[in-house]
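Everything on this sheet refers to the single structure shown next.
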């Protein structure tokens with residue numbers, strides 16, 4: 001089953017990618033493409049991954065996360081594509097558990113695992129598509145009131161995280177996709193340089209009639225923020241720029257869009273202040 005999966009890993013100012021590739025090989029994936037998205041230092045390794053074929057590509061510039069993956073997609077022949085951040089470590093059996101869900105129905109467009117942080121705490125990796133009021137409320141006070149109704153609704157806190165379930169969207173930090181489904185929606189939207197490309201992809205998969213599934217039997221640990229922590233303020237700006245791009249794609253009312261974008265701008269300002277203050281406190 002796993003020999004019908006190609007893995008694509010995009011790296012940019014990231015930590016070591018070799019442990020992930022070697023773990024993917026252990027779990028039976030026989031084809032991995034590592035895309036160097038314009039990093040200032042080359043990612044070149046001596047691979048000892050047995051039958052796993054590893055290719056390293058470098059485009060010489062930062063194309064953006066989704067655009068880099070799209071460049072690789074036409075070359076892939078496998079039925080399934082595992083898209084993963086380099087700072088993710090799949091636990092034993094994770095790839096097989098994801099593939100099992102994908103093999104049960106040709107209407108499954110993407111499957112995501114349970115995501116743990118380095119402390120072993122579950123990250124809320126599946127969520128609802130953000131409604132207008134939830135976005136504004138969660139964005140304004142979600143970081144200081146994570147138990148608020150809006151935040152709990154957005155994060156689907158009423159869903160049992162130990163049960164496989166169909167969800168609106170799931171984190172792109174580690175995502176097994178149907179190659180046919182990816183091609184049906186034209187891959188990732190390249191308007192997103194970083195962040196929100198997973199939300200947009202899942203939205204377009206749903207529009208095409210595909211399902212998104214959360215599979216807790218597949219577990220990964222995500223270190224998170226290896227690249228973004230080096231440029232925290234730029235990461236905040238990039239995140240909110242992508243939020244505005246997503247809002248423009250989803251909203252048909254210009255009046256509502258203006259209100260949403262004003263809310264995003266306010267949230268961005270608060271996030272920048274919080275980021276600056278957290279840096280001052282640490283120093």
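The values are calculated or read from the model by the stated rules, or taken from the named source; none is laboratory data. If you're wondering where the values come from, they're calculated on a predicted model, not measured in any experiment. Neighbour counts are summed over all protein chains in view; Cβ atoms, including those assigned to glycine, are modelled from backbone coordinates with ideal geometry.
Descriptive notes on the structure:
- Residue match in region 93-103 (condition: at pLDDT 95 or above, under 24 Å from residue 168 (Cβ atoms), assigned to a strand (DSSP E or B) and touching a strand residue (DSSP E or B) at 6+ places or on another chain (Cβ under 7 Å)): no
- Tally, over region 21-46, of residues that are modelled with pLDDT of 85 or more and under 23 Å from residue 74 (Cα atoms): 12
- Qualifying residue in region 116-131 (condition: closer than 22 Å to residue 244 by Cβ, modelled with pLDDT under 90, in contact with a helix residue (DSSP H, G or I) (Cβ under 8 Å, 6 or more places away or on another chain) and not in a loop (DSSP other than H, G, I, E, B)): yes
- Matching residues, region 50-91, being in a loop (DSSP other than H, G, I, E, B), touching a strand residue (DSSP E or B) at 6+ places or on another chain (Cβ under 8 Å) and modelled with pLDDT under 90: 52, 59
- Residue within region 213-235 that is part of a helix (DSSP H, G or I), modelled with pLDDT of 70 or more and closer than 21 Å to residue 125 by Cα present: no
- Scanning region 80-117 for residues that are surrounded by fewer than 16 Cβ atoms within 10 Å (Cβ to Cβ) and closer than 12 Å to residue 7 by Cα yields no hits at all.
- Residue in region 181-189 that is at pLDDT 90 or above, farther than 23 Å from residue 86 by Cβ and part of a loop (DSSP other than H, G, I, E, B) present: yes
- Pairs with Cβ under 6 Å, 6+ apart, first in region 79-105 and on the phi > 0 side of the Ramachandran plot, second modelled with pLDDT under 95 and surrounded by 21 or more Cβ atoms within 10 Å (Cβ to Cβ): none
- For region 1-20, a residue qualifies if it is in contact with a helix residue (DSSP H, G or I) (Cβ under 7 Å, 6 or more places away or on another chain) and modelled with pLDDT under 90, and the qualifying residues are 1, 2, 13.
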